[in-house]
Amino acid sequence: GESVGLHLPTLSVQEGDNSIINCAYSNSASDYFIWYKQESGKGPQFIIDIRSNMDKRQGQRVTVLLNKTVKHLSLQIAATQPGDSAVYFCAEAGGSNYKLTFGKGTLLTVNP
Amino acid sequence: DVKVTQSSRYLVKRTGEKVFLECVQDMDHENMFWYRQDPGLGLRLIYFSYDVKMKEKGDIPEGYSVSREKKERFSLILESASTNQTSMYLCASSPHLPTQYFGPGTRLTVL
């Protein structure tokens, strides 16, 4: 079946550096993608979304890039802070019921 | 801000007990969801509801039931709790598909 996965299970960066978290998807029919952040012991928090008719979308300190040719999604976090330490996972949706399929997640650790 | 609340953050129950997990959203959303999250397995959809009194099975409905009597409240019921239902349970609410906003989660332990 179709699935969403992540290239790297863990990522460690220095405070102030930029972080890039990657996600590969396999369902070419997916037309909507979301990034979530989940801190330890908490529920996932919506960060940013992007539709398949876009290549890039920017939020506050975050940018999501979508490359439909290679079915790749990335989340860029500028000037990473200790509060950004969390698990990040992507989700994709498509079809008539827009059911979300979630990736397993990448653990981002920010070192002071 | 979207606010999704869950009745308990931590819950400990015994095998065979009937367990109720409550979820409330205050944004008049039509769509609500229940997931469980387990290490290595990610988020898996148990049930969802598109409107009051409407429910549809997700990927892993076995051992669970749900109730949506009011728009703002979506309840997950474990009829007879078992140890393999020990998990983090997450409720989500959606103003328009597919965007979903999650509650803080309930960590359920079944002894």
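Key figures for this structure:
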read-out: Mean accessible surface per residue for the protein assembly as shown, computed with a 1.4 Å probe while every protein chain stays in place, in Å²; value: 49
read-out: Chain B pair-distance distribution - Cα-Cα, 5 Å bins, rounded %; value: 2, 13, 25, 27, 19, 10, 3, 0
read-out: Members of A:71/B:57; A:71/B:3; A:42/A:104 lying beyond 24 Å, as alpha-carbon distances in this model show; value: A:71/B:57; A:71/B:3
read-out: About the Cα centre, charge dipole magnitude for the range B:4-110 (Lys/Arg +1, Asp/Glu -1 at Cβ), debye; value: 280
read-out: Debye intensity ratio in log₁₀ form over the Cα atoms of the range B:18-76, taken at each q of 0.18, 0.21, 0.23, 0.28 Å⁻¹; value: -0.59, -0.78, -0.90, -1.19
read-out: Area projected by the alpha carbon convex hull of chain A, averaged over all directions, nm²; value: 6.9
read-out: Compactness of the protein assembly as shown - radius of gyration and Dmax, Cα, Å; value: 17.6, 51
read-out: HN-Hα J in Hz across the range A:62-70 - Karplus 6.51, -1.76, 1.60, θ = phi - 60°, x for Gly and Pro; value: 10, 9, 10, 10, 10, 10, 6, 4, 10
read-out: Gaussian network model of chain B, springs between alpha carbon atoms under 10 Å - residue of B:41, B:97, B:21 with greatest fluctuation; value: B:41
read-out: Choice from A:13, A:70, A:87 showing the highest fluctuation, given a GNM over chain A with Cα pairs closer than 10 Å; value: A:70
read-out: Note, ³J(HN,Hα) from phi for the range A:20-29, Karplus 6.51, -1.76, 1.60, rounded to Hz, x at Gly and Pro; value: 10, 10, 10, 8, 9, 10, 10, 8, 5, 7
read-out: Interface area, B with A, accessible, probe 1.4 Å, both sides summed, Å² nearest 100; value: 1500
read-out: Paired Rg and Dmax values of the range A:20-65, which use every Cα atom, in angstrom; value: 11.7, 35
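The values are calculated or read from the model by the stated rules, or taken from the named source; none is laboratory data. Keep in mind that this is a model prediction, so the values were computed, not measured. Heads up, the Cβs are rebuilt from the backbone with ideal geometry, glycines too, and the neighbour counts pull from every protein chain shown. For accessibility, only protein heavy atoms count, side chains too; no ligands or nucleic acids. Shrake-Rupley method; radii C 1.70, N 1.55, O 1.52, S 1.80 Å.
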